[in-house]
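Laboratory data are not the source of any read-out in this text; all were calculated from the coordinates shown. Everything quoted here is computed from the prediction, not taken from an experiment. Glycine gets a Cβ as well: all are built from the backbone with ideal geometry, and neighbour counts include every protein chain shown.
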Amino acid sequence: MPELPEVETIARFLRGTHGLAISRSPHPNGPLGVLGRKFADVQVTWQRSIAEPAAPAFCARLYGQSILEITRRGKFLVFQLEKDWMLIHLRMSGDLRVEPRDKTTLGLHDRIIFNFADDARMVFNDTRKFGRAWLLKDPQQVLGTLGPEPFDPELTADAFHSMLHKKKRAIKPLLMDQKFLAGMGNIYTDEALHLARVHPLEKASSLNYSQAESLLRAIREVLTEGIRRNGASIDWAYRGGDFQNYFRVYQRNGEKCPLCGDKIERIMVSQRGTHFCPSCQPLEKG
Ligand SMILES: [Zn+2]
């Protein structure tokens with residue numbers, strides 16, 4: 001599932017400010033990305049891909065609106081349009097591609113085809129059909145429930161420690177709870193906990209100030225590294241990144257811990273495969 005670094009990479013690609021855009025742009029020598037393009041007719045082949053409003057109203061309202069800005073909030077892609085905001089959540093297997101309108105045929109799993117007024121289109125492909133798009137007057141209607149961004153300067157070590165202090169849950173599912181912190185998923189949570197040497201089942205409230213500080217630093221470090229490597233291309237449609245070659249523990253069970261050489265183990269935490277080093281990440285008070 002795409003997490004913060006993968007969604008950030010796609011947002012940069014769509015803004016045309018990213019190296020990846022060159023190979024995927026409809027105009028190899030022309031403007032990159034979709035910033036400034038104007039929506040024409042939009043087709044929806046899987047109605048439930050549209051969360052709000054109903055698909056016919058979604059298509060009608062998009063028509064004629066230009067894309068003013070593309071950003072990311074948590075795992076949401078945020079398109080600022082002239083009159084509305086469009087949000088897209090890729091969930092398990094969603095992907096967006098930009099291509100010439102008529103030169104390529106559409107695929108079986110292409111759920112939303114955004115034709116632009118020029119000769120390009122943006123296609124939302126989603127094999128598993130969990131991805132969703134919204135068209136809203138106020139994006140806070142959906143984004144308002146999200147916790148802080150990991151890179152928010154107001155998220156200081158002090159603030160993070162007091163957030164953790166109030167929670168009695170195990171640290172791993174808490175970090176993946178989008179209402180607590182926006183953007184983290186299974187991969188980057190395992191990587192950050194290992195870097196900070198915190199056991200995935202440790203009770204959040206039991207972390208002291210220095211553990212909270214090093215965990216926040218570790219979260220920012222693994223996300224920064226993920227973005228730098230264009231995300232991880234693993235078990236989902238996205239193919240541009242290579243962070244999967246630099247995992248410390250994720251899916252490395254049975255291999256040697258890069259810190260101590262002991263064997264990395266895999267356990268289930270909240271129904272998610274969880275990878276950690278029992279020597280570097282001992283359970284203290286969980
Ligand atoms: Zn270790």
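Assorted remarks:
- Local electrostatic count at residue 69 - Lys and Arg +1, Asp and Glu -1, tallied over other residues with Cβ under 13 Å: +3
- The trypsin sites (Lys or Arg not before Pro) of the range 133-200 that DSSP puts in a loop, and whose beta carbon has at most 13 other beta carbons within 10 Å, are 137, 166, 168, 179.
- Summed over qualifying helices (DSSP H, 4 residues or more, each -39500 (n - 2.57)) and divided by its residue number, the chain shows a 222 nm mean residue ellipticity of -7000 deg cm²/dmol.
- Applying 0.36 nm per residue to the separation of residue 41 and residue 54 and subtracting their alpha-carbon distance, the gain on full extension is 3.1 nm.
- Placing +1 on the Cβ of every Lys and Arg and -1 on the Cβ of every Asp and Glu, with no other charges, gives the chain a dipole of roughly 500 debye about its Cα centre.
- Remark: for residue pairs 263/285; 129/285; 137/167; 75/263; 38/172; 38/75, the C-alpha separation exceeds 30 Å in 129/285; 137/167; 75/263; 38/172.
- Highest-MSF residue in the chain out of 181, 81, 108 [GNM, Cα springs under 10 Å]: 108
- The angle separating the long axis of helix 4-15 from the principal Cα axis of greatest extent in the chain is about 20 degrees.
- Full extension of the chain segment joining residue 209 with residue 66 gains 46.8 nm, where the gain is 0.36 nm per residue of separation less the Cα-Cα distance.
- Helix 186-195 axis, angle to the chain major axis (alpha carbon atoms, nearest 10°): 40
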